[in-house]
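Have a look at the structure below before the remarks.
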Amino acid sequence: MRALVPTGKTGRLTELAELPDPIPAAGQALVRVRHFSLNRPDYLYLATPGTDFRPGIDAVGTVEIPADGGPARGTPVVFHLPSGGAAAELVAVPADSLAPLPAGLSPEIAACLPLAGMVALRLLKAAGPLSGRRLLATGATGGVGQFLVQLAIAAGAQITVVAREDDAWRHLAQAGATVVHDVHALPAATFDVVLESVGGTLGSAAATRLRQGGLFLWYGQAGGQPLTLDFFQLLGGGMELTLRHFVYLGHSDDRDDLATLLDLAAAGTLQVEIGHRGPWQETSDVLESMAAGRLRGKAVLTIT
Ligand SMILES: NC(=O)c1ccc[n+]([C@@H]2O[C@H](COP(=O)([O-])OP(=O)(O)OC[C@H]3O[C@@H](n4cnc5c(N)ncnc54)[C@H](OP(=O)(O)O)[C@@H]3O)[C@@H](O)[C@H]2O)c1
């Protein structure tokens, strides 16, 4: 079978290679992959010197050899493989990671949901009750953010997003978010929860917008600079906060959360912005576009 493998070369991080067909272990199904989407970790892992990471974390395909108790041969399925390797014609996947593709849902849309959707869903579970609560999100114009905004609003929260002054935020405003470009223009002591993923001074300024006893959910550092929190700045505002470092893995069953996301997408409650569709031979170029910030929305590659 053919699969995308790392090259170790800057600017051309992955290429097709011929590999032996995988042999599913007990509890695994063999899936013939049709589409996979790209996520930032695909780029980050491939760009790590000496890596043996094979891309493909989120994918859609058809069961070729079923596992005991898992979906039958021919069932279209969606899956999330945190360790990668789904950008391949055939993949051995734990049967309990396979969620059936709902009838009528585009497989390309479904391929965009797993990682970004699960992060958004689990962040909002960690945020606590949402109805009527005020959320502030940084770094929300990307894959996770588009789901975070839609799910928060569907749950009855009000969400404000701090975004740069380009066009990347317009779909968030259309989805019902309030968009601001300067966090300092927001009144202090306003928000119940801050969802922070940029780092640097933006993250620390966002913290000062929390109400007394608010929750600071810290889940990324997309700007490249560590978060700097000034104890005395918070003290000066007379404020205490709860800080929670959030990692999406290990919260709940992937298949259950994936099924929830697929149902929401099939019902039209969750919309997906796709910025690139193409054959998987384009993967390396798309990863470069993603890293350079030229890609808006998700990228979906098709195995041809
Ligand atoms: N904790 C976890 O378990 C977990 C899991 C997955 C992802 N994450 C994190 O979640 C975050 C979002 O992921 P994603 O897939 O949505 O990433 P993404 O599509 O690359 O989006 C990154 C976001 O960060 C913003 N950003 C980047 N650099 C910035 C800067 N210097 N100043 C201000 N904004 C900046 C981008 O804004 P522009 O569009 O304006 O560039 C965009 O809104 C990332 O930090 C990622 O590492 C965490």
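A short reminder: the numbers here are calculations on the coordinates, not readings from a lab. A quick note: this is a predicted structure, and the numbers were derived from the prediction, not measured. Counting neighbours? That spans all protein chains shown, and the Cβs are built from the backbone with ideal geometry, glycine included.
In whole Å, what three semi-axes, largest first, describe the equivalent ellipsoid of segment 74-141 built from its Cα gyration tensor (square root of 5 times each eigenvalue)?
29, 14, 12
Working out 0.36 nm times the residue gap between Leu19 and Lys125, then minus their Cα-Cα distance, what length gain in nm do you get to one decimal?
34.1 nm is the gain from fully extending Leu19 to Lys125.
Give the long-range amide H neighbours of Leu227: residues separated by 5 or more places, or on another chain, with amide H under 5 Å away, using H modelled in the peptide plane at 1.01 Å from N.
HN-HN under 5 Å from Leu227: Gly200.
State, to one decimal in nm², a quarter of the convex hull surface area for the C-alpha atoms of the chain, i.e. the direction-averaged projected area.
15.7
Projecting each Cα onto the charge dipole of segment 92-168 (Lys/Arg +1, Asp/Glu -1 at the beta carbon, about the Cα centre), which of Ala95, Ile109, Ala127 comes out farthest on the positive side?
Result: Ala127, furthest along the dipole toward the positive end.
Can you pull the three principal axis extents for the Cα set of segment 178-227, in Å, largest first?
Taking max minus min along each principal axis of the Cα atoms, segment 178-227 gives 27, 22, 17 Å.
Go ahead and estimate [θ] at 222 nm for the chain from helices alone: -39,500 (n - 2.57) per DSSP H run with n ≥ 4, summed, over the residue count, rounded to 500.
Calculated from helices alone, the mean residue ellipticity at 222 nm is -7500 deg cm²/dmol.
What order do you get for 134-142, 285-293 when each peptide is scored by the mean count of other beta carbon atoms within 10 Å, highest first?
Taking the mean over residues of other Cβ atoms within 10 Å, the ranking is 134-142, 285-293.
Please give the FRET efficiency for Thr48 paired with Ala292, using the beta carbon to beta carbon distance and R0 = 22 Å, rounded to the nearest 0.05.
Taking R0 as 22 Å, the efficiency between Thr48 and Ala292 is 0.75.
Out of all Cα-Cα pairs in segment 117-245, roughly what percent, to the nearest whole number, are more than 25 Å apart?
Result for the distance tail: 14 percent.
Take Phe232 and Glu165, extend 7 Å from each Cα along the Cα→Cβ direction, and tell me the distance between the two endpoints in nm.
3.2
7 Å from Cα along Cα→Cβ at both Gln221 and Asp263: what's the point-to-point distance in nm?
3.8
Based on the alpha-carbon gyration tensor of segment 130-186 and its eigenvalue square roots a ≥ b ≥ c, which shape applies: rounded if a/c is under 1.5, prolate if not and a/b is larger than b/c, or oblate?
oblate
Provide Rg and Dmax in Å for segment 1-154, with only Cα atoms included in the calculation.
In Å, with Rg to one decimal and Dmax whole: 17.1, 54.
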